[in-house]
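**Student:** One structure, pasted below without further comment.
The values are calculated or read from the model by the stated rules, or taken from the named source; none is laboratory data. Remember, it's a predicted structure, so these values are computed and weren't measured experimentally. Cβ coordinates were reconstructed from backbone atoms using ideal geometry, including for glycine residues, and neighbour counts include every protein chain displayed. When the accessible area is computed, the model is the full protein with side chains, heavy atoms only, and any ligands, DNA or RNA have been set aside. Shrake-Rupley method; radii C 1.70, N 1.55, O 1.52, S 1.80 Å.
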Amino acid sequence: MAASPKVAKDKARRAQSQARRAGAEYRRAKSKAKRHRRFGERKSRDRRPAVWLPRLVGVVGYVMVGVFPYLASALLVPPGAYLVLLLLWLLGLFWTLRLARYSPSWTPVAPLVALTVWIVLVQTGSAIFGWTA
């Protein structure tokens, strides 16, 4: 015996409702996962040295490059150029901290980049503007 059209329609409606509920639950779970990633919550902390050691080397190295030569360059360059160097260093510190969080394996490169930028700027300024100590 074939089911009546009304029973078939109710069955189809129930199936659609279940699919909608399942889709809504999936979207809610996905949204919650995105929200956790967006606000920086982590499921677990990774304590392997392969993860935290490059972060530590990069950030400590960057701070050391900030102490010398960036802070010591006040003796070499005029005050305006010194402010530009400090602003570049602060911008680089922000970049280094973001790099340490999202791709720790590249963090040790940051002090090398900072040192290279300092050398290029001071040497270029010395050659063009005649800065002397």
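**Student:** Looking at the range 33-50, can you tell me whether even one residue there is at pLDDT 75 or above, touching a helix residue (DSSP H, G or I) at 6+ places or on another chain (Cβ under 9 Å) and either open to solvent by 90 Å² or more (accessible area, probe 1.4 Å) or in a helix (DSSP H, G or I) (or both)?
**Tutor:** Yes: the range 33-50 contains one or more residues that are at pLDDT 75 or above, touching a helix residue (DSSP H, G or I) at 6+ places or on another chain (Cβ under 9 Å) and either open to solvent by 90 Å² or more (accessible area, probe 1.4 Å) or in a helix (DSSP H, G or I) (or both).
**Student:** Could I ask something else about it? Collect the residues in the range 116-133 that are of a type in the set (A, V, I, L, M) and closer than 19 Å to Leu88 by Cα, keeping them in residue-number order.
**Tutor:** Val117, Ile119, Val120, Leu121, Val122
**Student:** Going by the structure shown, is Gly92 on the phi > 0 side of the Ramachandran plot and not aliphatic (A, V, I, L, M)?
**Tutor:** no
**Student:** Ok, one more. Any residue in the range 63-78 that's farther than 27 Å from Ala100 by Cβ and modelled with pLDDT under 95: show its pairings with residues that are small (Gly, Ala, Ser) and open to solvent by less than 70 Å² (accessible area, probe 1.4 Å) at Cβ separation under 7 Å, as long as the two are six or more apart or on different chains.
**Tutor:** Val77/Gly125
**Student:** Of all residues in the range 89-130, which are open to solvent by 60 Å² or more (accessible area, probe 1.4 Å) and within 15 Å of Ala72 (Cβ to Cβ)?
**Tutor:** Selection gives Leu115, Ile119, Leu121.
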